[in-house]
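Read through the structure below, which is laid out as structure tokens, and then see the notes.
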Amino acid sequence: MSERDAIGVIGVGWVGLVTAACFAELGHRVVARDIDAEKVKALSRGETTIHEPGLADLVAKNAERLTFTTDMGELLDAATLLFVCVDTPPTPSGDADLSRVRAVVAELRAGGGHALVMKSTVPAGTGAAIRRELDESIGYVSCPEFLKEGSAVEDFMGPDRVVIGADPGDAEAVAAVARLYQPLGGEIVHTDVASAEMIKLASNAFLATKISFVNEIANVCEEVGADVTEVARGMGLDGRIGSAFLRAGIGYGGSCFPKDVSALKMLAGNTGYHFQLLNAVIEVNELQKRRVVGKLQKHLGSLVGRKIALLGLAFKPDTDDMREASSLVLAARLQGEGAEVVAYDPVAAAAARDLLGGVELRNSALEALEGADATVLVTEWPEFAELDWAAAAPRMARPLIVDGRNFLAPEALRAAGFAYEGIGRAIEPASSLTAGD
Ligand SMILES: NC(=O)c1ccc[n+]([C@@H]2O[C@H](COP(=O)([O-])OP(=O)(O)OC[C@H]3O[C@@H](n4cnc5c(N)ncnc54)[C@H](O)[C@@H]3O)[C@@H](O)[C@H]2O)c1
């Protein structure tokens, strides 16, 4: 490593901006590069480009140590460790699109003492392929990111573990990366590159599997009169199972689970191995998003001309990220059934506007509920738990709610005059409303 002491960050999206801001908070100078000139301009003016708790404060507080640029040369001059945080979206075939990663590799220069630290999620084998192309003077370390949107700063600053995968020849870069993460605590897992890449994909695939599993349990609960929240509570207390990611709902979304599960399935397929379990995980998730339609039809009959209010659009609370959000599928399905869809989200409206053709966006939950035949809670934003539901009920044409995240208290909603349906919870008889009137 040379004496150039800034940390380089390439790609300033969720992972990159959090990485840059957190390293700055830890006292490092950071030069962060993005190809999106508008984003770089906004960040240079001090405007944080994504909604993530605590991030704007961190960026403002550490502005002196943070430089944003579109210029790769500036980054290469200032930093030796280059954290690659570019997006790796799915291709139409479901493989990971590595074109942005490849573009970064193509811009590197030999002999500068640089090391790439791959935080982008890439299929196992990517590091080995890059290593073969890289000049020997450039180090390569796989350091996958495990932060969760909505608690990204907290996750970065207090990781469960930090995975560092490298070839023996890259020991110097490994030591430099380990030094950076040391103050954060969390076990450092030293391993080879392919294993580090697999740890990331396998972790996300496992969590997605847990979600699809509990969603199938929920669907069976509905048939046998059990309550999945009780079942999950009882299961989760078993230390071998754990309660995390055991919450039934209308399916996972976001920028990671769908694409990473698909990328792992395709990765396996490309080697000739048929990963059967992941096919089911994906299919269950797709169908789960659509089950709400049947629940509404049970109460309302045909949805033609019915006004349905969606509460929450982002794929999870505390983010404005709409990538693969369940709301997108649900809104389209409801429109397909002839319903009029209105929606409210506390922060994701701007991000959602272009994605939700024909959906009327409202400025508050109460506005969205006005005159609605039913409402669906799609994202568990805390403000929905605090809503005065008793005041909301008379504003609706019919006080019917499908709680897609099992977030609200059924008894309280029923006391407020609602017909309440959760996911995998005791079913409200359809007769409580007049179907089809
Ligand atoms: N978002 C998450 O919660 C999360 C968590 C863990 C891992 N990851 C992984 O981290 C990676 C980044 O995810 P994200 O959500 O931050 O993506 P993002 O789309 O929010 O940000 C990626 C950024 O990279 C920029 N970029 C693209 N090509 C570039 C280049 N050649 N040089 C500089 N910048 C470039 C884009 O303009 C964009 O700003 C992905 O591989 C993702 O799977 C994401």
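The values are calculated or read from the model by the stated rules, or taken from the named source; none is laboratory data. Because the structure is a prediction, the values reported are computed rather than measured. Here Cβ is always computed from backbone atoms with ideal geometry, including for glycine, and neighbour counts include all displayed protein chains. Please note that ligands, DNA and RNA were not included when accessible areas were found on the heavy atoms of the full protein model with its side chains. Shrake-Rupley method; radii C 1.70, N 1.55, O 1.52, S 1.80 Å.
Go through region 79-94 and give me each residue that's aliphatic (A, V, I, L, M) and open to solvent by 20 Å² or more (accessible area, probe 1.4 Å). Explain how you work it out, then say what you get.
The first filter runs over region 79-94 and keeps only residues aliphatic (A, V, I, L, M), leaving 79, 81-82, 84, 86.
The one that is aliphatic (A, V, I, L, M) and open to solvent by 20 Å² or more (accessible area, probe 1.4 Å): Val86.
Conditions (1) near the ligand (Cβ under 9 Å from one of its atoms); (2) open to solvent by 20 Å² or more (accessible area, probe 1.4 Å); (3) more than 22 Å from Asp318 (Cα to Cα), marked per residue:
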position	(1), (2), (3)
Ala96	yes, yes, yes
Ala124	no, yes, yes
Glu136	no, yes, yes
Ser142	no, no, yes
Ser151	no, yes, no
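Can you confirm whether region 171-184 contains a residue that is away from the ligand (no atom under 15 Å from the Cβ), under 24 Å from the mean Cα position of the chain (by Cα), under 30 Å from Gly125 (Cα atoms) and outside any helix (DSSP H, G or I)? No, there is no match, as no residue in region 171-184 is away from the ligand (no atom under 15 Å from the Cβ), under 24 Å from the mean Cα position of the chain (by Cα), under 30 Å from Gly125 (Cα atoms) and outside any helix (DSSP H, G or I).
Taking region 229-263 on its own, how many of its residues are acidic (Asp, Glu), assigned to a helix (DSSP H, G or I) and more than 16 Å from the ligand (Cβ to nearest atom)? Lay out the reasoning, then the answer.
Here is the first cut: in region 229-263, the residues acidic (Asp, Glu) are 230, 238, 260.
Next, from what is left, pick out any that are assigned to a helix (DSSP H, G or I): 230, 260.
If we keep only those that are more than 16 Å from the ligand (Cβ to nearest atom) too, we end up with 230.
Looking only at that region, the number is 1.
Taken over region 322-346, the criterion of being open to solvent by 50 Å² or more (accessible area, probe 1.4 Å) and closer than 19 Å to Glu380 by Cα is satisfied by Arg323, Glu324.
Just name the residue that is most open to solvent (accessible area, probe 1.4 Å) out of those in region 153-162 that are of a type in the set (Asp, Glu) and either within 12 Å of the ligand (Cβ to nearest atom) or part of a loop (DSSP other than H, G, I, E, B) (or both). Before you say what the answer is, go through the steps one by one.
Keep residues of region 153-162 that are of a type in the set (Asp, Glu), which gives 154-155, 160.
Those left that are additionally either within 12 Å of the ligand (Cβ to nearest atom) or part of a loop (DSSP other than H, G, I, E, B) (or both): 155, 160.
Details: Asp155: 29, Asp160: 134 Å².
Only one residue tops the list, namely Asp160.
Count of region 59-94 residues, restricted to those that are more than 9 Å from the ligand (Cβ to nearest atom), at pLDDT 95 or above and in a loop (DSSP other than H, G, I, E, B), is 2.
If you go through region 192-228, how many residues are among the hydrophobic types (A, V, I, L, M, F, W, C), touching a strand residue (DSSP E or B) at 6+ places or on another chain (Cβ under 8 Å) and open to solvent by less than 30 Å² (accessible area, probe 1.4 Å)? Count: 2. Taking region 34-58 as the range and being away from the ligand (no atom under 12 Å from the Cβ) and of a type in the set (S, T, N, Q) as the test, the residues that pass are Ser44, Thr48. Residue check: Gly404 meets all listed conditions (1) within 24 Å of Tyr252 (Cα to Cα); (2) open to solvent by 30 Å² or more (accessible area, probe 1.4 Å); (3) under 25 Å from the mean Cα position of the chain (by Cα) but one, namely (2). Considering Gly294, Gly269, the condition of being closer than 21 Å to Ser93 by Cβ, more than 16 Å from the ligand (Cβ to nearest atom) and assigned to a helix (DSSP H, G or I) is satisfied by Gly269 alone.
Only one of the numbered conditions (1) open to solvent by 40 Å² or more (accessible area, probe 1.4 Å); (2) away from the ligand (no atom under 13 Å from the Cβ); (3) farther than 30 Å from Trp381 by Cβ is violated by Arg102, and that is (2). Report whether or not Gly113 is away from the ligand (no atom under 12 Å from the Cβ), closer than 23 Å to Val163 by Cα, open to solvent by less than 10 Å² (accessible area, probe 1.4 Å) and in contact with a strand residue (DSSP E or B) (Cβ under 8 Å, 6 or more places away or on another chain). Taking the combined requirement at face value, the residue does not satisfy it. Scanning region 352-398 for residues that are among the hydroxyl-bearing types (Ser, Thr, Tyr) and under 21 Å from Gly254 (Cα atoms) turns up just one, Thr379.
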